[in-house]
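The values are calculated or read from the model by the stated rules, or taken from the named source; none is laboratory data. Being a predicted model, the structure only gives us computed values, none of them experimental. Positions of Cβ are backbone-derived with ideal geometry, glycine not excepted, and every protein chain shown enters the neighbour counts.
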Amino acid sequence: MNVDRPIALPAGAVPGEWETDRQLTYRILRGAPRGIASRPDVSVTASAIQLDDGRVDSGAAIEPPRVFLEAGSDGLTVTQALRLASTLVEAVEELERWRANPNRTATLA
């Protein structure tokens, strides 16, 4: 599905393809994967739905913004757990910026 006009991307968002479901046109946005330097098997990624009017869905239309965590199978050291906590906060802050001001960027797609 193509949207007939450019829709601004929130800063830092990587867009998926436009889709249509339940008479809604949207695309999935993903943030840059974040991780812990000493644990390549641990990653945190922000994700949200952007509607074709430019809004980031709060959950009222399709689903709320989410943070995805891949944590590997081993436990974390205290230092690694603190870094993971900081990384989770960074992802949440990114999603909050997207929701608060989704069109404040020069990037159009």
Those residues of the range 7-36 which are touching a residue at least 24 places away in the same chain (Cβ under 8 Å), surrounded by fewer than 19 Cβ atoms within 10 Å (Cβ to Cβ) and part of a loop (DSSP other than H, G, I, E, B), in sequence order: 11, 12, 18, 22
Of residues in the range 37-70 being in contact with a helix residue (DSSP H, G or I) (Cβ under 7 Å, 6 or more places away or on another chain) and assigned to a loop (DSSP other than H, G, I, E, B), the one nearest to residue 93 (Cα to Cα): 65
Identity of the residue in the range 1-16, more than 17 Å from residue 45 (Cα to Cα) and in contact with an Asp or Glu (Cβ under 7 Å, 6 or more places away or on another chain), that ends up modelled with the lowest pLDDT: 1
Failed item, numbered, when residue 50 is tested on (1) free of Cβ contacts under 8 Å to residues at least 40 places away in the same chain; (2) in contact with a strand residue (DSSP E or B) (Cβ under 6 Å, 6 or more places away or on another chain); (3) not hydrophobic (A, V, I, L, M, F, W, C): (1)
Qualifying residue in the range 67-86 (condition: in contact (Cβ under 8 Å) with a residue 12 or more places away in the chain, farther than 18 Å from residue 9 by Cβ, crowded, with 16+ Cβ neighbours inside 10 Å and within 16 Å of the chain's Cα centre (by Cα)): yes
Extreme residue, surrounded by the most Cβ atoms within 10 Å (Cβ to Cβ), among residues of the range 87-100 that are of a type outside the set (A, V, I, L, M) and over 11 Å from residue 36 (Cβ atoms): 98
